[in-house]
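Okay, so here's the structure we're looking at.
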Amino acid sequence: MLRVAVVGSGPSGVYAAQELVAQDLVPGVQVHVLDRLPCPYGLVRYGVAPDHEKIKSLQNTLRAVLEHERISFVGNVEVGRHGLAPDTLLRLYHAVVYCVGAARDRRLGIPGEDLPGSHSATDFVAWYSAHPDASGDAFALSARSAVVIGVGNVAVDVARILARGADELRPTDVPEDALGALALSRVRDVHMIGRRGPSQAKFTTKELRELGALPSADVLVSPADLALDPAYASREVAAALPGPARRNLDVVRGWADGTADHGRDRRIHARFFLRPVELLADGGRVGAVRFERTAPDGTGGVRGTGEYEDIEAQLVLRAVGYRGVPLDGLPFDARPGTVPHTAGRVLRDGEPSPGEYVAGWIKRGPTGVIGTNRPCAKETVASLLADADALAARTVADDPLAELRSSGHRPVLWSGWESIMAAESALGLALGRRSVKIPDWAGLLAAAHG
Ligand code: NAP
């Protein structure tokens, strides 16, 4: 018998659980997939944009894993400062795999960043994804002009949601309050701004192309911005780019000739070579963002030129990447925001800590698409299975769930999650929509515990 806790039920956690039971390498393995939330799937439920139905449908694959006879979902159990300590978990399980992701946003570190009206894109995503920790009504959708800082896939997601009409989102599982707020949104101009050029942007081509296919928004790019990119100016330089960067550049090039301007009601302005230096206040709230024009430095980076441009914005979303947060009782390397490890084995003072493993963003940093988590989890589980004999010899509790309950936890098991799904379907039916997410803790727990 080998009892393993996987902490986190996002893609990396579920893939780790799947690997643990795959091929019956350890016939007696039992896996508990713990989550702080009463709902599984991590960023697939609370990060993938609601209009990305195909990626959302990955939940069906993850669901099949969590329904495996040797795997149990154990939600509503927090690990860390306000919950179970890692050393407690090691008394309950032979091994623990931390798949806790990268929960926070990176900061810009510039004046005005915390002005009202300026938010991390992570908070905006949490709001329209009905995350129960999201604060409801803080977003200034009365804004005419919004600035999204960053040109990664999160920036593309939030720019697209701002540019879509509420009618386009009604068929999705967006919570009712967010849908109502988006229906009243007055945002007409969304400026998505990169500090480097289009050939260095982090978004993927499929996501970028989607912006150009929105029914109620045009995508506009400034030829003056593009001209600064050596790969835009020279076909030879472009030909030497990696495929994804070349394809991104082709998409942007297609928008630059003016044919993408159909005079639609909303506009997404894709801007480049502008570095944010300050958020400017207007009446106690953000009113504009000051950018310094940059230019390529010849090594893939940029340098400031001393020229500045202010872009009006009553709403600013900072989409400059996620960062991992330390989990009390686990080692943490603050610079990359990850847990130190070797092939997934957690290192304490440079030595593998028996029974402790990591996978996903907390192991390798917040990069890659969902599928990247599969080989990452596989490597970690290979390490764990290689250690299986020593792990099975550790003395642990007979019944971890009973221990959790006796120490005051109220776990939400799979049946509780099924009750949440049923309540969300009923809510959707009552609203004349498909399944609609419950956006608050009280509602989720009431549904889960009946
Ligand atoms: P990201 O891909 O790392 O992009 C961050 C962006 O912020 C980059 O454009 C970066 O520019 C910029 N940035 C960073 N610091 C900045 C600063 N101080 N000032 C101005 N700009 C700054 O991060 P992300 O968009 O949060 O995405 C995280 C991961 O999730 C990625 O792997 C992404 O592909 C994935 N994701 C995928 C999807 C999807 O597949 N549909 C959706 C959402 C997220 P530099 O390049 O110059 O640093």
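General remarks:
- Estimated inter-spin distance, T372 and S406, nm [label 7 Å along Cα→Cβ]: 4.3
- Taking a ≥ b ≥ c as the square roots of the Cα gyration tensor eigenvalues, the stretch 43-134 comes out oblate, since a/c reaches at least 1.5 and a/b does not exceed b/c.
- Using a simple spin-label model with pseudo-atoms 7 Å out from Cα toward Cβ, A422 and A386 lie 4.6 nm apart.
- Along the axis of the charge dipole computed for the chain (Cβ charges of +1 for Lys and Arg, -1 for Asp and Glu, origin at the Cα centre), the listed residues V65, S234, G254 are led at the positive end by S234.
- Ranking S145, S435 by solvent-accessible area of protein heavy atoms (1.4 Å probe, all protein chains present), from largest to smallest, gives S435, S145.
- Accessible surface, per residue, of the stretch 178-302 when the full set of protein chains is kept, probe 1.4 Å, Å²: 45
- Leading residue at positive end of dipole, the chain (Cβ point charges), from V148, G194, S415: G194
- Percentage relative contact order, the stretch 224-344, counting C-alpha pairs under 8 Å, at least six apart: 14
- Magnitude of the charge dipole, the stretch 278-353, Cβ model with Lys/Arg +1 and Asp/Glu -1, debye to 20: 280
- Radius 14 Å from Cβ of R170, net charge of other residues (Lys, Arg +1; Asp, Glu -1): -3
- Bridge type composition, the stretch 106-321 - antiparallel percent by DSSP, nearest 5: 40
- Distances between every pair of Cα atoms in the stretch 106-321, grouped in 5 Å steps from 0 to the bin holding the largest one, split as 1, 7, 15, 20, 20, 16, 11, 6, 3, 1, 0 percent.
- Between D261 and E309, the FRET efficiency from the beta-carbon distance, with R0 = 25 Å, is close to 0.75.
- Among L37, L184, L62, the residue with the largest mean-square fluctuation in a Gaussian network model of the chain, with springs joining Cα atoms closer than 10 Å, is L184.
- √(5λ) per eigenvalue of the Cα gyration tensor, the stretch 216-282, largest first, Å: 24, 18, 10
- Cα extents of the chain along the three principal axes, largest first (Å): 67, 53, 40
- Annotated for the chain: lysine pairs at least 8 residues apart or interchain, Cα distance under 19 Å, count 5.
- Sites M1 and E53, calculated FRET efficiency, Cβ-Cβ separation with R0 51 Å, nearest 0.05: 0.80
- Å² of accessible area per residue within the stretch 82-151, as computed with a 1.4 Å probe and no ligands counted: 37
- Net charge of neighbours whose Cβ lies under 12 Å from the Cβ of V96, counting Lys and Arg as +1 and Asp and Glu as -1: +2
- For the stretch 149-193, the dipole from Cβ point charges (+1 on Lys and Arg, -1 on Asp and Glu) about the Cα centre works out to 200 debye, to the nearest 20.
- Label-zone membership for the stretch 14-57, site A64, 7 angstrom Cα→C-beta point, backbone N under 15 Å: 15, 18-19, 22-23, 57
- The stretch 1-97: Rg to Rh, with Rh as the Kirkwood radius over Cα pairs: 0.99
- The relative contact order of the chain, computed from alpha carbon pairs under 8 Å that lie at least 6 residues apart in sequence, is 22 percent.
- Of the solvent-accessible surface of the chain, computed with a 1.4 Å probe over protein heavy atoms with every protein chain present, carbon and sulfur atoms account for 51 percent.
- Where labels lie 7 Å past Cα in the beta-carbon direction, separation of F332 and R246 in nm: 4.3
- For A386, neighbours were defined as the other residues whose beta-carbon sits under 15 Å from its Cβ, and their charges (Lys and Arg +1, Asp and Glu -1) total -3.
The values are calculated or read from the model by the stated rules, or taken from the named source; none is laboratory data. What you see is a predicted model, and the numbers here were worked out from it, not measured in a lab. Neighbour counts are summed over all protein chains in view; Cβ atoms, including those assigned to glycine, are modelled from backbone coordinates with ideal geometry. Accessible surface is based on the protein model in full, side chains and every heavy atom, while ligands, DNA and RNA are left aside. Shrake-Rupley method; radii C 1.70, N 1.55, O 1.52, S 1.80 Å.
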